[in-house]
Protein chains: 2
Amino acid sequence: MMNNVGDFLKTNGIKPSYQRIKIYEYLMNTKDHPTVESIYSALNGQIPTLSKTTVYNTLKIFIDKGIAMAITIDDNEVRFDAFIDTHGHFKCQECHRVYDFHVNFEGAIGDQLDDFQILEQQMFFYGICRSCNEKS
Amino acid sequence: MMNNVGDFLKTNGIKPSYQRIKIYEYLMNTKDHPTVESIYSALNGQIPTLSKTTVYNTLKIFIDKGIAMAITIDDNEVRFDAFIDTHGHFKCQECHRVYDFHVNFEGAIGDQLDDFQILEQQMFFYGICRSCNEKS
DNA sequence: TTATCAGTTTGTAATGATTACAAACTAAAA
DNA sequence: TTTTAGTTTGTAATCATTACAAACTGATAA
């Protein structure tokens, strides 16, 4: 049986080392937009020699190759996401969870930036999520 | 003649010290979304004793009181803006300038977050601006 | 005027995420 | 087996931000 994630990395010009496969798998399977810290902690059990520098390097490669994106929704923690189709993020200021939502970027800005070459789009909302609203 | 900025700060519950007035004036008159570093450098001539800590403290107060906003369009530099009506920002990856544009947030997301309490909205675009496009 | 007091400013030290760098390691090719 | 390019690792350096305590300011009360 062949390794799907390994092939996927190869297709995107990334040599599929054990660490890179594990990090990408974690990113794919974890929907809560993990930070470098949480990726490192989660994988340190399986890969005891893992270095935090490797996590930084690997995520940088993923972003350069376009298979992951950085989400700087908070200035003191960069989060990462393997879902790269443009979508928005809502951060709850109570429980700190980050929710995804769909965005129609074209309708939001019209033709204001027609002469600009847009390479990346981010939309961040902040507030109180439904679940926290119901509690209070 | 009375000091408009001082009165404005007072109206918003901020004691109008010399430093606070100067920092707010600079923020108002500077349209390029300055960083703490650039605010500090710009004012250090007029206020030789100015401390960078004061700039940090003052901006935090402005944000808490709702008369300025932080723009984390880049993870290694927080920028500040005295125009607090919600609008989007485009960052040119060539010249690093940050442009403002108007955003229709409602149209962009529909009713997906109807049970969420939205307190702040940010839209960040990244790419090459018109002026840099024309050069190449 | 002087004393008091709360709030503001300042400089230094601490924090903590990220980056730089060089050595150790790996795996494939020669 | 040797070589080589690329990868991983750990430590040290960097740099923005925060913590903290001392010095300062300006208003109020005695």
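Scanning the range A:10-42 for residues that are under 16 Å from the mean Cα position of the chain (by Cα) and hydrophobic (A, V, I, L, M, F, W, C) yields A:21, A:23, A:27, A:28, A:36, A:39, A:42.
Within the set B:70, B:82, the sole residue that is among the aliphatic types (A, V, I, L, M), more than 30 Å from residue B:136 (Cα to Cα) and within 15 Å of DNA strand D (Cβ to nearest atom) turns out to be B:70. Sub-7 Å Cβ pairs linking a first residue in the range B:50-65 that is of a type in the set (D, E, K, R) to a second residue that is modelled with pLDDT of 95 or more and near DNA strand C (Cβ under 8 Å from one of its atoms), at least 6 apart or interchain, are B:65/B:14, ordered by first then second residue.
Give the residues of the range A:62-107 that are over 17 Å from residue A:34 (Cβ atoms) and among the aliphatic types (A, V, I, L, M), sorted by residue number. Listed by number, the list holds a single entry, A:103. So which residues in the range A:110-136 are under 19 Å from residue B:94 (Cβ atoms), out of contact with any strand residue (DSSP E or B) (no Cβ under 8 Å at 6 or more places or on another chain) and at the interface with another protein chain (Cβ under 7 Å from one of its Cβ atoms), if there are any at all? Result: A:115, single match.
Out of (1) surrounded by 14 or more Cβ atoms within 10 Å (Cβ to Cβ); (2) over 18 Å from residue A:12 (Cβ atoms); (3) more than 7 Å from chain B (Cβ to nearest Cβ), the odd one out for residue A:90 is which? That leaves (3) as the condition not met.
Report whether or not residue B:31 is surrounded by fewer than 17 Cβ atoms within 10 Å (Cβ to Cβ) and either near DNA strand D (Cβ under 10 Å from one of its atoms) or away from chain A (no Cβ under 14 Å) (or both). Spelling it out, residue B:31 is indeed surrounded by fewer than 17 Cβ atoms within 10 Å (Cβ to Cβ) and either near DNA strand D (Cβ under 10 Å from one of its atoms) or away from chain A (no Cβ under 14 Å) (or both).
The values are calculated or read from the model by the stated rules, or taken from the named source; none is laboratory data. Here the structure is a predicted model, which means the values were calculated and not measured. Virtual Cβ from ideal backbone geometry, glycine too; neighbours counted across all protein chains shown.
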